[in-house]
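The values are calculated or read from the model by the stated rules, or taken from the named source; none is laboratory data. Keep in mind that what you see is a predicted model, and the values were worked out from it rather than measured. Cβ placement follows ideal geometry from the backbone for every residue including glycine, while neighbour counts extend to all protein chains displayed.
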């Protein structure tokens, strides 16, 4: 899939899905279905129009592009969202972006999609334009709950990664470069790949998780390591099962399968090691049985 800035697009007829698509959840997938082009915004519009209300995101632009590409889309077009674009009228967005730039023959949006200055544009305005077909998708429900990025963010922050996966249609994932740690896991017999979470992205709540990486199954600790009182900031530590290669400097993608337990302080390193053996065994079982 090509990732293209709006200013670089070449003229051709397109079936366009439009939205922020943070997380690329089940509702987003319905909007995107059948489209050859996805139009999105970077950064998140709230970071420009209401920075104090801007959420931490589920996906970086890179991760979003990868997830959208897996849906069979040909092209992701990115609009740099700035104050100038924020003040563009809904009519100008339709005329300049959808019709002139993208030559849209069909436009797909969710029923709650809003666009243009002060969010004055809505699906009805798109549907009233006869130059393209408008496809408006209703909100998707799972287990009686509306699927939304904001709800999924709350689930992830609470550690409810299994429920979040049902709303996303795939496991919640966290990515980052493996950095040098203090080697404490190695001394305990469980060497870990350490990531410092991106402050702009949502991170699962403190606890121990069963997960999967591209390399192997992984038992993942998120927290501040209370047993050792390190005083360090939040750290993500992944113990990759049956893996011995050095990962320093490489990007690690962690797909979260389940929360095993909360983070807690142990009376001794020996008690921690015993619990880690239990966590690893449970991780192996969950990972092997995961679809």
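A few notes on this one:
- Of all residues in the stretch 154-167, those being buried (at least 20 other Cβ atoms within 10 Å of the Cβ), out of contact with any helix residue (DSSP H, G or I) (no Cβ under 7 Å at 6 or more places or on another chain) and assigned to a helix (DSSP H, G or I) number 2.
- Note on the stretch 4-23: residues that are in contact (Cβ under 8 Å) with a residue 24 or more places away in the chain and surrounded by fewer than 15 Cβ atoms within 10 Å (Cβ to Cβ) total 5.
- Residues in the stretch 176-204 that are modelled with pLDDT under 95 and touching a helix residue (DSSP H, G or I) at 6+ places or on another chain (Cβ under 8 Å) were compared, and the one that is surrounded by the most Cβ atoms within 10 Å (Cβ to Cβ) is 192.
- Screening residue 239 with (1) buried (at least 16 other Cβ atoms within 10 Å of the Cβ); (2) touching a helix residue (DSSP H, G or I) at 6+ places or on another chain (Cβ under 6 Å) gives one miss only, at (2).
- Candidate set: the stretch 112-123, residues that are outside any loop (DSSP other than H, G, I, E, B) and surrounded by 15 or more Cβ atoms within 10 Å (Cβ to Cβ); chosen: the one nearest to the chain's Cα centre (by Cα): 115
- Which numbered condition residue 9 fails, given (1) over 21 Å from the mean Cα position of the chain (by Cα); (2) under 15 Å from residue 65 (Cβ atoms): (2)
- The single condition among (1) within 21 Å of residue 148 (Cα to Cα); (2) in contact (Cβ under 8 Å) with a residue 12 or more places away in the chain that residue 36 does not satisfy is (1).
- Meets criteria (in contact with a helix residue (DSSP H, G or I) (Cβ under 9 Å, 6 or more places away or on another chain), touching a residue at least 24 places away in the same chain (Cβ under 8 Å) and surrounded by 13 or more Cβ atoms within 10 Å (Cβ to Cβ)) for residue 272: no
- Scanning the stretch 24-33 for residues that are part of a helix (DSSP H, G or I) and either without any contact (Cβ under 8 Å) to a residue 24 or more places away in the chain or in contact with a strand residue (DSSP E or B) (Cβ under 9 Å, 6 or more places away or on another chain) (or both) yields a count of 6.
- Which numbered condition residue 246 misses (of (1) more than 15 Å from residue 161 (Cβ to Cβ); (2) assigned to a loop (DSSP other than H, G, I, E, B); (3) in contact (Cβ under 8 Å) with a residue 40 or more places away in the chain): (3)
- Qualifying residue in the stretch 46-65 (condition: part of a loop (DSSP other than H, G, I, E, B), more than 29 Å from residue 158 (Cα to Cα) and either touching a helix residue (DSSP H, G or I) at 6+ places or on another chain (Cβ under 7 Å) or in the same structural domain as residue 14 (by TED's automatic domain parsing) (or both)): no
- Residues located in the stretch 124-150, provided they are surrounded by fewer than 16 Cβ atoms within 10 Å (Cβ to Cβ) and assigned to a helix (DSSP H, G or I): 124, 127, 150
- Test: residue in the stretch 100-109 that is on the phi > 0 side of the Ramachandran plot and either free of Cβ contacts under 8 Å to residues at least 40 places away in the same chain or loosely packed, with under 15 Cβ neighbours inside 10 Å (or both): no
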